Amino acid sequence: MSEQESRQEIERMLDDIKVKLQIVNGAAIKPEHFSVKKLTEISEIHQMVMAKNRFSVSEMDAIVTELGTLKHEG
């Protein structure tokens, strides 16, 4: 997978996560904040989020926090 394809995949997965979790401030999770080196970790979070139908507030907070740890310093 090329870097461009990886970037597109990260963008798609983050969009899916934001929609599924109904994240109001989606601008806080921008694809450009993530390195393509984190594709596997983002994919694992994406799979977990897509597999569940409902999330508690604490689960949503944990998911957003985990995504925050994957962001690269900009």
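Can you compute the label reach from ALA28? Point 7 Å from Cα along the Cβ direction, backbone N cut-off under 15 Å, restricted to the range 43-74.
Zone members listed by number: 57-71.
Measure nothing fancy, just the Cα-based angle from helix 3-20's long axis to the longest principal axis of the chain, in degrees from 0 to 90, nearest 10.
For helix 3-20, the angle is close to 10 degrees.
Quick one: Debye curve from the C-alpha atoms of the chain, no solvent, what's log10 I(q)/I(0) at q = 0.20, 0.23, 0.24 Å⁻¹?
Each listed q maps to, in turn, -0.81, -1.08, -1.17.
Ignoring any ligand, DNA or RNA, what whole percent of the accessible area of the chain comes from carbon and sulfur when the probe is 1.4 angstrom?
C and S atoms contribute 50 percent here.
Can you order the peptides 50-58, 63-71 by their average number of other Cβ atoms within 10 Å per residue, highest first?
In decreasing order of mean packing, 50-58, 63-71 become 63-71, 50-58.
Express the accessible area of the chain per residue in Å², computed with a 1.4 Å probe while the remaining protein chains stay in the model.
Computed with neighbouring chains in place, this is 68 Å² per residue.
Relative contact order (percent) for the chain, with alpha-carbon contacts under 8 angstrom and 6 or more residues of separation?
40
The values are calculated or read from the model by the stated rules, or taken from the named source; none is laboratory data. Bear in mind that the values here come from a model prediction, so they are computed numbers and not experimental data. All Cβ positions, glycine included, derive from the backbone under ideal geometry; neighbour counts span all protein chains shown. For the accessible areas, the whole protein counts, side chains as well, though only heavy atoms, and no ligand, DNA or RNA atoms are used. Shrake-Rupley method; radii C 1.70, N 1.55, O 1.52, S 1.80 Å.
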